[in-house]
1. Would you mind stating whether residue 189 is farther than 30 Å from residue 31 by Cα, in contact (Cβ under 8 Å) with a residue 40 or more places away in the chain, over 22 Å from the mean Cα position of the chain (by Cα) and not assigned by TED's automatic domain parsing to the domain that holds residue 39?
2. Can you name every residue in the range 96-153 that is in contact with an Asp or Glu (Cβ under 8 Å, 6 or more places away or on another chain), in a strand (DSSP E or B) and in contact (Cβ under 8 Å) with a residue 24 or more places away in the chain?
3. Take the conditions among the hydroxyl-bearing types (Ser, Thr, Tyr) and either within 30 Å of residue 176 (Cβ to Cβ) or in contact with a Lys or Arg (Cβ under 9 Å, 6 or more places away or on another chain) (or both) and apply them to residue 87. Does it pass?
4. Regarding the range 141-161, can at least one residue be identified that is in contact with a helix residue (DSSP H, G or I) (Cβ under 9 Å, 6 or more places away or on another chain), among the small types (Gly, Ala, Ser) and either within 27 Å of residue 91 (Cα to Cα) or not assigned by TED's automatic domain parsing to the domain that holds residue 216 (or both)?
5. Is it the case that residue 109 is modelled with pLDDT of 95 or more, crowded, with 18+ Cβ neighbours inside 10 Å and of a type in the set (Val, Ile, Thr)?
6. Residue 70 passes all but one of (1) assigned to a strand (DSSP E or B); (2) more than 30 Å from residue 215 (Cα to Cα); which number fails?
7. Can you pull out the residues in the range 83-95 that are in a loop (DSSP other than H, G, I, E, B), over 36 Å from the mean Cα position of the chain (by Cα) and in contact (Cβ under 8 Å) with a residue 24 or more places away in the chain?
8. Go through the range 49-79 residue by residue and tally those that are buried (at least 17 other Cβ atoms within 10 Å of the Cβ), farther than 30 Å from residue 144 by Cα and touching a Gly at 6+ places or on another chain (Cβ under 9 Å).
Amino acid sequence: MQKKIMALVPVLMLFLLLPNRTASAGIQHFSWINPTVGDDPYYDEYVVAYKTGTPWNTSISVYNNYLTPPPPPRIYMAINVTAIKVYFDWGKWYNFTFSPPVRMGPLEVRVFNIGNLTPPLAEAPETWVHSYTIYVEYVPEGGDTPVMDWYWYDDNFAVMSEDHFDAFKLYNKLIWIGEVGVPFQGVNVTEAQVLMVKASIEFTLGEQSYRSGAFTDAETHFGNADNYMTASIAAWNDQGTAFENAMLEYYRALANATKKQADADYLQANAALNNSYGWIFFGVGWTLIGLGIIIYSAKKPKAPTQS
C-alpha cells in the first residue's frame, strides 16, 4: 500500500504544477473576439462556444516585464517576439510567427490578434470541453535562444455541431424560464397564461434532450418554447392593453356619471333651499301682518260711551 502511495506522489505533484486558468506575468489580458458564451447543461458549466468550421479569434495583451536573470543587479530588457503559439488538447498547435520579429522595449505593451478555423468534430469532439494554452515565444535582445515562459491557460473551449450550437443559443435565451418558472403573477390574460405553460413544458423537454446529447430534439423543443413565449407576450400585450383601455373608459364613464349625479343633487338641494327660503319669508310676512293688526287695534281710538 505504501509503495502505491509513493508511486502516486510524483503524479499528484505534476498535476498540481499544471496551469489551471492561469497566466504568466508577461500576458496582461486575454479575450475571445465575438464569442458565443453561456451555460451549457450538457457540459454542466459555462463555456466559450464556437461552431465547427467557423473562425475563432483572440486578442492578447503582452506586457514586456522581462528581467535579466540573477544575480543582481537585474534590469528590464527589450525583447523580440518571434511567435504566438496556441495549443489545444485535441493535439494541435496553431503557430503565428513574425518575420521580422516584433521588438518590444522594456515595460512596453502590445496587443496581438490571432485566430484560425474551428476544426471538425472528428478532430475536436464535442463530447467534452477543451483546454488550451497560449504561449508568447520571444528572444531577449542580444540573445539567440527562444523563451516560452509567458502563457495563458484555460479549459472552457467548446467545439459544437450546428444543432448543438443552435440549441445552445436558444437555451441561453430561454434559461430564465427554468430559473423563475412561469410568470403567472401579473398576467391577467388567460390565453397568455396557457401559452406560457406550453412554453415551460417545451423548455423542460428541450433541457432533458439537451442533457442527454440529443441536440436536434433539444433545438426543436427550444424553438417551440420560444414561439409559445413570443405568442404569449403578444397576446398579453394585445388583450391586456384592450382590457386596460376598456377599464379606463369604464372609470371615465363612472366618473362622468358621478359628476352628473353630483350636479343634479346640487341643483335639487339648491331648489329645496330656495323653496325653504320662500316659506320662511312667507311665514315672516304673516307674522308681521299679525303684529301690525295687534298694534293697530291697541292704538285705535275708542268710541264715546253713551249715558
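1. So residue 189 fits the description; yes.
2. 103, 130, 131, 132, 148, listed by residue number.
3. So residue 87 does not fit the description; no.
4. The answer is yes, given that some residue of the range 141-161 is in contact with a helix residue (DSSP H, G or I) (Cβ under 9 Å, 6 or more places away or on another chain), among the small types (Gly, Ala, Ser) and either within 27 Å of residue 91 (Cα to Cα) or not assigned by TED's automatic domain parsing to the domain that holds residue 216 (or both).
5. Considered against the rule, which asks whether it is modelled with pLDDT of 95 or more, crowded, with 18+ Cβ neighbours inside 10 Å and of a type in the set (Val, Ile, Thr), residue 109 comes out as no.
6. Condition not satisfied by residue 70: (1).
7. Matches in the range 83-95: none.
8. Total meeting the criteria: 2.
The values are calculated or read from the model by the stated rules, or taken from the named source; none is laboratory data. Treat the numbers as computed from the prediction; the structure is a model and nothing was measured. Here Cβ is always computed from backbone atoms with ideal geometry, including for glycine, and neighbour counts include all displayed protein chains.
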